[in-house]
Amino acid sequence: MRRLTPALALCSLLVAAAPAQAADQPAHRDSYGTKAPYAPGQNPRTYQRPPAGFTPVFTENVSRHGSRAATGGEDGDLILALWDKAEAEGQLTRKGEKFGPAVRALLDAMAEVGYGKLSGRGKQEIQDTAVRMERRLPGLFATIAERGEKIDVVSSGQGRAVDSGNLFAGALADTDPALKPLIGPARTDKDLLYFHKAAGGAAYRDYIAGDQRLASTLKTITDQPRTHEAARSVLRRIFRDAFVGQIADQTGAAQAVYNLYAIAPAMSGESPDPDGRGWGMDRYISRSDAAWFGYLSDTEDFYEKGPGFAGSDITYKMAGVLLDDFFDQVEAKRDGTSDLGAELRFTHAEEIIPLAALMGLPGSTEPVTAERPYTYADNPWRGASVAPLGANIQWDVFHKGDRYLVRMLYNEKETAFKEGCRPIAEGSEFYDLDELERCFGRA
């Protein structure tokens, strides 16, 4: 029997654990990766009530910006250049004839919104999240208004994060006008909310740029037969076989189609299509091929931002500055040294994903080894769940006497703190602050 090389052995594991999705099944949210639009994770009627006598005294969050346009038009330009050539040569499929106009319409809409800027859907996501926060904690915001406490708004300084913070604050003020004068001017803290590009992310950037294990693993996972099969399948929906055979980089061209498919739901508010199919990009990539390219997108994010390789914290250690700030804010409230009623932070997937890994949030607790790579079959990590557009982590603080309790919401779902942290009672979503300090090593 022929002995498999390490690379071939790895490929055999990956093929066995490929994402399964029949072509006639509905597209799964996971196929959009971290470009999946936001949806709250829990019905607000089902939240646990705080123990008797405890009242809310503080809330804080960190939120990814809302849905946005693509950060550039490269994918559209690449695939349209091929489409124009195929049209001139009579090499389009019947379905492919409609692809070019659909892509041009989507690109025009994104250019009008502004590449990288919040779409109409993204603006609404952020505003709706703010309104739900106020409705969850009406007593807190009434107290903030009554006592004249401050609401601090801070962002990475990048346009879509700045805009998200301003929209969130504006929606709070619209919900309760008494809050408007208490909302401070939005400020920027790159070290806190853009740490992957700040001084604290230097070692991480070296890892991304030069780690050979990372580069080898990503290449092996991506460059396997299933990827090339999926690429040809995508392109054959648009171009005739003879033309597909002329495309030098079939994977790159198919990836461009997938990227347009993945961003289309974020632009649904700008779509002229009234039939519910948005921009119709799902017509040009099968459900199974979208699932595969979604897996490849998740693979890159998992290794570059998430739990990554076992025995290494290089992808998420830098998020400690943000976790520290969560604790600092609550401790200052307990110690009577803060006049804040709410701390609102706005950032990016590059910060949410490592913070989720550092905190041990659901789906972010399992790293992998070089011998057992990341697959959907073996690992629960999914970009659409960990850090969709508009993803958020929130701590609500409740007080009674000298005791302070904390409840965490992750994408607005009550979420237990990491393994080893003990809630106040079995099944409770509330934790003593003292216990969290012990559990996270802050005591």
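Residues are listed down the side, and each one gets a yes or a no for (1) out of contact with any Lys or Arg (no Cβ under 9 Å at 6 or more places or on another chain); (2) surrounded by fewer than 18 Cβ atoms within 10 Å (Cβ to Cβ); (3) among the basic types (Lys, Arg):
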site	(1), (2), (3)
403	yes, yes, yes
410	yes, no, no
414	no, yes, no
424	yes, yes, no
432	no, yes, no
436	no, no, no
441	yes, yes, no
Considering region 305-350, residues that are open to solvent by 20 Å² or more (accessible area, probe 1.4 Å) and basic (Lys, Arg), and then whichever is nearest to residue 381 (Cα to Cα), we arrive at 305
- prompt: Is there a residue in region 156-172 that is more than 21 Å from residue 134 (Cβ to Cβ), polar (S, T, N, Q) and touching a Gly at 6+ places or on another chain (Cβ under 6 Å)?
  reply: no
Only unsatisfied item for residue 364, checking (1) assigned to a helix (DSSP H, G or I); (2) buried (at least 17 other Cβ atoms within 10 Å of the Cβ), is (1)
Condition set β-branched (Val, Ile, Thr) and in contact (Cβ under 8 Å) with a residue 60 or more places away in the chain, scope region 383-418, selection nearest to residue 332 (Cα to Cα): answer is 397
Scanning region 377-398 residue by residue, those in contact with a Phe, Trp or Tyr (Cβ under 6 Å, 6 or more places away or on another chain) and open to solvent by 10 Å² or more (accessible area, probe 1.4 Å) turn out to be none
- Query: Is region 318-331 home to any residue that is farther than 18 Å from residue 393 by Cα, touching a helix residue (DSSP H, G or I) at 6+ places or on another chain (Cβ under 7 Å) and modelled with pLDDT of 95 or more?
  - Reply: no
Within region 112-160, restricting to residues that are of a type in the set (A, V, I, L, M) and without any contact (Cβ under 8 Å) to a residue 40 or more places away in the chain, the one that is surrounded by the fewest Cβ atoms within 10 Å (Cβ to Cβ) is 142
Exception for residue 358 within (1) in contact with a strand residue (DSSP E or B) (Cβ under 6 Å, 6 or more places away or on another chain); (2) more than 20 Å from residue 150 (Cβ to Cβ); (3) open to solvent by 10 Å² or more (accessible area, probe 1.4 Å) falls at (1)
Expected output for region 98-110 (first residue on the phi < 0 side of the Ramachandran plot and among the aliphatic types (A, V, I, L, M), partner assigned to a helix (DSSP H, G or I) and open to solvent by 20 Å² or more (accessible area, probe 1.4 Å), Cβ below 7 Å, 6+ apart or cross-chain) is 109/270
Expected output for region 351-373 (first residue farther than 22 Å from residue 436 by Cβ and in contact (Cβ under 8 Å) with a residue 12 or more places away in the chain, partner in a loop (DSSP other than H, G, I, E, B) and of a type in the set (Gly, Ala, Ser), Cβ below 8 Å, 6+ apart or cross-chain) is 367/308; 367/310; 367/311; 367/312; 368/308; 368/310; 369/310
Reported set for region 114-151 where residues are hydroxyl-bearing (Ser, Thr, Tyr) and in contact with a helix residue (DSSP H, G or I) (Cβ under 6 Å, 6 or more places away or on another chain) is 119
Wholly inside region 140-213, helices (runs of 4 or more DSSP H) that include 1 or more residues that are of a type outside the set (A, V, I, L, M) and in contact with a strand residue (DSSP E or B) (Cβ under 8 Å, 6 or more places away or on another chain) are 159-175
Of the residues in region 303-352, those that are part of a loop (DSSP other than H, G, I, E, B), more than 24 Å from the chain's Cα centre (by Cα) and of a type in the set (D, E, K, R) come to 339
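Filter region 163-179 down to the residues that are buried (at least 20 other Cβ atoms within 10 Å of the Cβ) and either at positive phi or aliphatic (A, V, I, L, M) (or both) and list them by number.
Taking region 163-179 and keeping what is buried (at least 20 other Cβ atoms within 10 Å of the Cβ), we get 163-165, 167-169, 171-172, 179.
Within region 163-179, 167, 169, 171, 172, 179 meet the criteria.
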Of 81, 39, the only residue that is open to solvent by 10 Å² or more (accessible area, probe 1.4 Å), over 15 Å from residue 267 (Cβ atoms) and without any contact (Cβ under 8 Å) to a residue 12 or more places away in the chain is 81
Among the residues of region 380-431, the number that are in a loop (DSSP other than H, G, I, E, B) and of a type in the set (Phe, Trp, Tyr) is 2
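The values are calculated or read from the model by the stated rules, or taken from the named source; none is laboratory data. It should be emphasised that the depicted structure is a prediction, and the values quoted were computed from it without experimental measurement. Note that we place each Cβ from the backbone using ideal geometry, even for glycine, and neighbour counts take in every protein chain shown. All accessible areas refer to the heavy atoms of the entire protein, side chains included, with ligands and DNA or RNA removed. Shrake-Rupley method; radii C 1.70, N 1.55, O 1.52, S 1.80 Å.
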